[in-house]
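Everything on this sheet refers to the single structure shown next.
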Amino acid sequence: MHHVTTCLCRAADEMLNALVKGAENRHVGETRLNRESSRSHSVFTCIVEKTVTDAQGVSKIYFARINLIDLAGERW
């Protein structure tokens with residue numbers, strides 16, 4: 001099952017809340033080595049934007065994309 005959620009965050013705490021909510025939705029299952037082994041992949045993509053307007057009124061938009069990827073498998 002694929003589940004994608006998109007949200008607009010205007011502050012770091014809102015972004016952290018979205019990350020925690022996504023982590024809580026992960027599927028886990030017991031294996032011989034680990035009782036809470038991850039059974040699903042997780043991808044958290046954060047796009048940070050900054051708009052700068054110069055003295056002449058010209059705006060420039062800068063952005064960065066950050067991908068955090070956690071693959072399913074054993075957690076030590």
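The values are calculated or read from the model by the stated rules, or taken from the named source; none is laboratory data. What you see is a predicted model; the values in this text were computed from it and never measured. Backbone-built Cβ (ideal geometry, glycine too); neighbour counts: all protein chains shown. These area figures cover heavy atoms from the full protein model, side chains too; ligands, DNA and RNA do not enter into them. Shrake-Rupley method; radii C 1.70, N 1.55, O 1.52, S 1.80 Å.
Structure summary
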item	result
Sequence of Val4, Val48 from largest to smallest accessible area, 1.4 Å probe	Val4, Val48
Accessible-area value, Phe63, 1.4 Å probe, nucleic acids and ligands omitted, Å²	140
At R0 = 22 Å, FRET efficiency that the Cβ-Cβ distance of Asp13 and Val43 yields, to 0.05	0.55
Under the Karplus curve 6.51 cos²θ - 1.76 cosθ + 1.60, θ = phi - 60°, whole-Hz ³J(HN,Hα) for the stretch 40-50, x wherever Gly or Pro sits	9, 7, 9, 10, 10, 10, 10, 10, 9, 10, 9
Solvent-accessible ranking of Arg65, Arg10, largest area first, probe 1.4 Å	Arg10, Arg65
Local electrostatic count at Thr45 - Lys and Arg +1, Asp and Glu -1, tallied over other residues with Cβ under 14 Å	-1
Cut-off under 5 Å, modelled amide H: who pairs with Ala72 long-range	His41, Ser42
In nm, spacing of pseudo-spin labels at Asn67 and Lys21 (7 Å Cα→C-beta vector)	2.3
